[in-house]
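Have a look at the structure below, then the notes.
Derivation of every value follows stated rules applied to the coordinates shown; laboratory data play no part. Every value quoted in this text rests on a predicted model; they were computed, and no experiment measured them. Because the Cβ atoms are built from the backbone with ideal geometry, glycine has one as well, and the counts that use them run over all protein chains shown.
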Amino acid sequence: MHGTARAIGCNHLRLGNFGRLLNIPMTWADDAEIPNRGRAREIAAALGAQNGVMHDADNSSRNSSIPAAYTFFAQFVDHDITLEGISELDSRPLPIHEIERLPNFRSASLDLDSVYGFGPGVSSLLYEPDGSGRFVVGNTVNTDDVPRHANNTALIGDPRNDENIFLSQMHLLFLRFHNRRIIDLLIQHDNSGVEDANQQHLPLRFEDVQRDVRYHYQYIVLHDFLERICNAEVYNLGLERILAGDTAFFLLQPDASGRIVMPIEFSVAAYRFGHSMVRSQYPVNENYPSIEIFDERFGTVGLSQVPPELTVDWRFLLDVNPHQPYVNSKAIDHLLADKLIRLPDPVVGQNAPQNDRALAFRNLLRGYVLGLPSGQRVARALADRGYPIDPNQDLRFGEILAGAALNGLENHTPLFLYLMREAGIRGGGDRLGPVGSAILMEVFGAMLVHHDTFLREDNWQPDSNVTQGPNELTLADIVRYVSS
């Protein structure tokens, strides 16, 4: 945790708390007259456990048009901005004053603290000991892996980024991006003739490289990731306000310490859209065209070494090379892949009950514990704010919510299910619907306009050495740049 001294490379915001985006006092459970936690568990099981409404047991969910790598980029971003490890899955429903005391162990500011840790002055094991500011990369087993202790535990800023091999390799990509930027920025800096008052050449600072990497990352989040994920009309409305620096537009406002709360509507529902994008199988490279995301054949069930033969070639999951076919993510809809409904022991524990192994069940039950409102109430609230949302949109819940066990939920739908169904119906599985998109633009917009981002630098643009064209930057550009 932070002490009283400021360490080099440790300039992200103080850690914040969770809270609400919308002041909606009624929860979906209140509206649906759910009497107790036992009944809430029954509903969560009927919806999200094995053979439930959200289980893609027969692999009927189609692919989206989004390259599969963005599934793991979304997870990478999530681990940069949110971490809540206190509330219990089987807790009683928490009142709002308790929710607002839940700490967010990540700064909601897109500052890559999950990568940089507390900087080389404090998190020294993440960095080369020569004082260059370079990250340690690789280990004795695989030079194309994150660094690891002798027991194979990842030496990275956030251990969650070792939850699967694709996320671990995404983290590695940004370690290498930072290291490569040091080289290019040193060349640019030495040629700039930057001098102090005594005409002495000033060295390149670690903070300068860190800021450069953060700005490129933030640019990708805004202009590449969100544009691909969000409803176009909602995205354009939010983008206009973000680029205008309209701090008053967004509901989230910083406290006296400059922090914004992390809304539960975002962290427990809307931003979990990536769960529906997860495929059961992925290509890794030309030698391994199909492995499971948790593949016990290779011991890659999370928090483990990446075998050299499974080093990820992003050309098979991202639009890096126009001549190289790549796979897309699964559609953003209400169906989660079988692998996420039957999570393995290393993820949930050897003695986990069957229902607790289902990620959709866990999401829904956590939404109950944290008092999320129904999707219908959220839609009305955001429509009232001026977003292009039809609060009475027909998402055809009658087609999937058959049976007495789920009676009434078509009008008082748990927010996670509502948003995923909205993406499948209104977004065609390729994007979030307008309600989910509005929640994302509200939260990312607040982070971008209130914090130290590239938007505060006059006319900042991505480095032309990184991009394929002027004013363009995508995740694929980072791959090409690091690989060149």
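Overview of values
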| item | result |
| --- | --- |
| Over the range 269-331: Kirkwood hydrodynamic radius from C-alpha pairwise inverse distances, Å | 12.9 |
| Simple spin-label estimate for Asn287 and His97 in nanometres, 7 Å along Cα-Cβ | 6.1 |
| Cβ charges +1 (Lys, Arg) and -1 (Asp, Glu), total dipole of the range 13-171, debye | 160 |
| Rounded FRET efficiency, nearest 0.05, which uses the C-beta distance separating Leu125 from Ala256 and R0 of 51 Å | 0.90 |
| Charge dipole (debye, nearest 20) of the chain; +1 at Cβ of Lys and Arg, -1 at Cβ of Asp and Glu | 840 |
| Simple spin-label estimate for Asp463 and Ala248 in nanometres, 7 Å along Cα-Cβ | 3.9 |
| Relative exposure of His149, His450, judged by other C-beta atoms within 10 Å (fewest first) | His149, His450 |
| Rg to Rh quotient for the range 39-105, alpha carbon positions, Kirkwood Rh | 1.07 |
| Per residue, the convex hull volume that the Cα atoms of the range 28-149 enclose (Å³) | 220 |
| 13 Å cut-off, amide nitrogen to a point 7 angstrom out along Gln50 Cα→Cβ, residues in the range 348-372 | 352-359 |
| Cα pair count fraction exceeding 25 Å, expressed as % - the range 294-447 | 46 |
| Label-point gap, in nm, between Thr143 and Glu472 - each point 7 angstrom along Cα→Cβ | 3.3 |
| Extreme residue, positive dipole direction of the chain, given options Pro307, Leu419, Val141 (C-beta unit charges) | Leu419 |
| 11 Å beta-carbon shell around Ser304, net charge (K/R +1, D/E -1) | -4 |
| Sequence of Val136, Val449 once ranked by neighbouring C-beta atoms within 10 Å, starting from the fewest | Val136, Val449 |
| Whole-angstrom gap from the range 372-393 to the range 453-483, using each part's C-alpha centre | 35 |
| Helical mean residue ellipticity (222 nm; -39500 (n - 2.57) per DSSP H run of 4+; nearest 500) of the chain | -10000 deg cm²/dmol |
| Residue exposure sequence - Leu204, Leu172 - by fewest surrounding Cβ within 10 Å | Leu204, Leu172 |
| Ordering of 434-441, 271-278, 37-44 by burial proxy (mean other Cβ atoms within 10 Å per residue, highest first) | 434-441, 271-278, 37-44 |
